[in-house]
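First comes the structure, then the notes that go with it.
Throughout, read-outs are computed from the coordinates displayed, never taken from laboratory work. Small disclaimer: the values here were computed from a predicted structure and weren't measured. FYI the Cβ positions are ideal-geometry reconstructions off the backbone, even for glycines, and counts take in every protein chain you see.
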Amino acid sequence: MGKTIAVVNQKGGVAKTTTSINLAAAFAMMKRSVLLIDLDPQGNATVGSGIDKNNFGSAIQNVLVDEIDITSAIIKTAGNYDVVPTNHELIVAEVQLLQMTQRETRLKQALAGIIDSYDYILIDCPPSLNILTVNALTASNSVLIPIQCEYFALEGLTGLLSTIEQIQKTINPALHIEGLLRTMYDGRNRLALDVSAQLLQHFPGRVYRTVIPRNVRLAEAPSHGMSIFEYDGKSQGAVAYLTLAGEMLQRVDEAKKVGEIA
């Protein structure tokens, strides 16, 4: 069975979509089968994967309102991972969802038939804790939280953790935090160092060793519809995301070993 990971932070501009795209591409480079679901009406993960968000057939909004099967919305990318795209029309589906029964589990139901077809399913969530994000958290095994090391980072994290806890108690008891990822990191910045130290102190064992640096090439890649590996595979950003994927796979292997011993 594949692992479903929601990439979530209700604060915008923390490299959430950048992480979703490049982690999908990194896993694909490591010969894992990957599906990336764009659940943000802005459609940035769609565009950043080389798909015209104004010119495709079916999308995640059609899936959520029971118009089509999710397999009909999957698009293969040049980065060797699959994408279920979206655009601004997802906002209309969001309104429709609020009027539907079992609205929190629509995405989970849609994924049930393909969960075994992928090693990883990544869900790029909108920068808000709305019904779309709740669907992602309900459908996922775990949550990856990108965090920019700045003043309001820890304050915003509190609200997200509260939401995750509520989902655990009411809908998805198996949901857990996959890890906290420090993004747009500049080790020369005193504030970044202080916030990083606080994250390590408050979330021991949950913060990835890998940090994603501030990198111009990372910022440029999405505008060309490419992952960082296609755009500049030798850049610091490419090395960082490949290292992150390796660290995540290592954690899986370590967990399996612990399970075998137990």
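For this structure, a couple of remarks:
- Qualifying trypsin sites (Lys or Arg not before Pro) in the range 141-213, where qualification requires a DSSP coil assignment and no more than 10 other C-beta atoms within 10 Å, comprise Arg188.
- Value of D in µm² per second that Stokes-Einstein yields for the range 29-102, Kirkwood Rh from Cα pairs, at 10 °C (1.306 mPa s): 125 µm²/s
- The ratio of the alpha-carbon radius of gyration of the range 62-182 to the globular-protein estimate 2.2 N^0.38 Å is 1.11.
- Of the Cα atoms belonging to the range 3-261, the radius of gyration and Dmax stand at 17.3, 51 Å.
- Column: log10 I(q)/I(0), Debye, Cα scatterers of the range 180-262, q = 0.10 Å⁻¹: -0.33
- With a cut-off of 12 Å between beta carbons, the residues surrounding Val47 carry a summed charge of -3, where Lys and Arg count +1 and Asp and Glu -1.
- At an R0 of 35 angstrom, the distance between the Cβ atoms of Val252 and His88 translates into a FRET efficiency of 0.45.
- DSSP bridge pairs, the chain: antiparallel proportion in percent, nearest 5: 5 percent
- Evaluating kT/(6 pi eta Rh) at 10 °C and 1.306 mPa s, with the Kirkwood radius of the range 204-246 over Cα pairs in the Stokes-Einstein relation, gives 147 µm² s⁻¹.
- Leu199 sits among other residues whose Cβ lies under 13 Å from its own Cβ, and their net charge, with Lys and Arg +1 and Asp and Glu -1, is 0.
- Ordering Phe203, Phe27 by the number of other Cβ atoms within 10 Å of each residue's own Cβ, fewest first, gives Phe203, Phe27.
- For the range 1-19, the residues whose amide N sits under 15 Å from a probe point set 7 Å from the Cα of Phe152 along the beta carbon direction are 9-15.
- Of Glu165, Glu94, the sequence from fewest to most neighbouring Cβ atoms within 10 angstrom is Glu165, Glu94.
- Relative contact order (%) - the chain, alpha-carbon pairs under 8 angstrom, separation at least six: 25 percent
- Among the listed pairs Lys31/Lys234; Lys234/Lys257; Lys76/Lys169; Lys11/Lys169; Lys11/Lys256, those beyond 31 Å (Cα-Cα): Lys234/Lys257; Lys76/Lys169; Lys11/Lys256
- Residues in the range 122-138 reached by a label modelled at Met30 [backbone nitrogen below 14 Å; 7 Å Cα→Cβ]: 122
- Multiplying the residue separation of Leu200 and Asn55 by 0.36 nm and removing their Cα-Cα distance gives an extension gain of 47.9 nm.
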